[in-house]
1. Here are the criteria: (1) under 15 Å from Met105 (Cα atoms); (2) free of Cβ contacts under 8 Å to residues at least 40 places away in the same chain; (3) open to solvent by less than 10 Å² (accessible area, probe 1.4 Å). Tell me which single one Gly153 does not satisfy.
2. Consider segment 273-291. How many of its residues are modelled with pLDDT under 95 and either over 16 Å from Gly257 (Cα atoms) or of a type in the set (A, V, I, L, M) (or both)?
3. For Met203, which of the numbered conditions (1) part of a helix (DSSP H, G or I); (2) more than 30 Å from Asp42 (Cα to Cα) fails to hold?
4. Please determine, by comparing only the residues of segment 198-211 that are at pLDDT 95 or above and touching a strand residue (DSSP E or B) at 6+ places or on another chain (Cβ under 9 Å), which one is surrounded by the fewest Cβ atoms within 10 Å (Cβ to Cβ).
5. Within the bounds of segment 179-193, is there any residue that is open to solvent by 20 Å² or more (accessible area, probe 1.4 Å), within 13 Å of the ligand (Cβ to nearest atom) and free of Cβ contacts under 8 Å to residues at least 12 places away in the same chain?
6. Any idea which residue in segment 241-287 is farthest from Met1 (Cα to Cα), counting only those that are more than 15 Å from the ligand (Cβ to nearest atom) and among the small types (Gly, Ala, Ser)?
7. So Val209 passes all but one of these: (1) under 24 Å from Gly275 (Cα atoms); (2) within 16 Å of the ligand (Cβ to nearest atom). Which condition number does it fail?
8. Going through segment 83-115 one residue at a time, which ones are within 16 Å of the ligand (Cβ to nearest atom) and either open to solvent by 40 Å² or more (accessible area, probe 1.4 Å) or in contact with a Lys or Arg (Cβ under 8 Å, 6 or more places away or on another chain) (or both)?
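The values are calculated or read from the model by the stated rules, or taken from the named source; none is laboratory data. Everything quoted here is computed from the prediction, not taken from an experiment. All Cβ positions, glycine included, derive from the backbone under ideal geometry; neighbour counts span all protein chains shown. Note: accessible area is taken over every heavy atom of the protein model, side chains too, but ligands, DNA and RNA are not part of it. Shrake-Rupley method; radii C 1.70, N 1.55, O 1.52, S 1.80 Å.
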Amino acid sequence: MFDSLSDRLGGVFDKLRGRGALKEQDVRDAMREVRIALLEADVALPVVRRFIDQVTEQAVGQSVLKSVTPGQQVVKIVNDALIEMLGGDQTAELDLEAVPPVVIMMVGLQGSGKTTSTAKIARLLKEKQGKKVMMASLDVNRPAAQEQLRVLGEQVGVATLPIIAGQQPTEIATRAMQSARLQAVDVLLLDTAGRLHVDTQLMDEMKAVAAISTPRETLLVVDSLTGQDAVNVAQSFAGEVDLTGVVLTRMDGDARGGAALSMRAVTGKPIKFAGTGEKMEALEVFHPSRVANRILG
Ligand code: GDP
């Protein structure tokens, strides 16, 4: 995760720290290298521009250059800007403050890791927060999707809504709500159908399910390996439904990190979780400051 960016920035910062006194040109040279590092990490160009402008403006200030440790100060300015780019002091916590069953609607394209992430989050809520959780698959497009969620449910010890063949997503959502109420479930996760592309049928279906279940959280699952495409997909979804957050999957295989670094700035939506592997435990709550620390070593 972020390996190459981390290496590149580490090199730039070592140089800055090692110099003692700094001139404005030194800072500008360093920022040119930071800019290249961010572009190589596949961060969206407007985000890179804004970042570099902001950091440069602060870093060439006289109070920084005349300070005893200018290199350190510049590094701190970059660190703070990086945290802000990743979401600042966002509350990564899920908002579950509502009358139960509190619904989390999972949306996303096929293959993004939606079903896996649904089960991972269910496990987390059960194990870490002691919630009574239920999951229901509304994916009637992909054969075996419902069965896949049932198997994962068994694996993590979370109940899934019994499958009734031939039901439509809205019917399943209605049944899931009834069942969750009857069983006094705290949190109901709805795994909606994925499609290969963002299309009107998918969006209409999502809106219909949302109307039935009034989700407290609507989480978009996107694959970090698709880089800026993941950000574009998020923008399309954000224009249609009220997304409350993003789950970025396959971060374990993402050496560049462009999607993670651009997501908040481009879409305004916070990343709430990072998927870091195929196993059910491989889910991390996304803390911008911790991620920034990881990048800056
Ligand atoms: P869906 O079509 O969006 O529901 O996608 P699935 O949940 O079926 O996931 C597709 C594949 O991606 C499965 O083989 C998952 O094990 C894998 N996968 C999901 N999340 C992650 C992740 O964070 N890291 C890795 N390495 N694989 C993942």
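1. Failing condition for Gly153: (1).
2. Number satisfying all stated conditions: 2.
3. Result: Met203 passes all but (2).
4. Ranking the qualifying residues of segment 198-211, first place goes to Ala210.
5. no
6. Filtering first and then ranking leaves Gly268.
7. (1)
8. First, the residues of segment 83-115 that are within 16 Å of the ligand (Cβ to nearest atom): 104-115.
Of everything in segment 83-115, those that are within 16 Å of the ligand (Cβ to nearest atom) and either open to solvent by 40 Å² or more (accessible area, probe 1.4 Å) or in contact with a Lys or Arg (Cβ under 8 Å, 6 or more places away or on another chain) (or both) turn out to be Ile104, Met106, Val107, Gly108, Leu109, Gln110, Gly111, Gly113.
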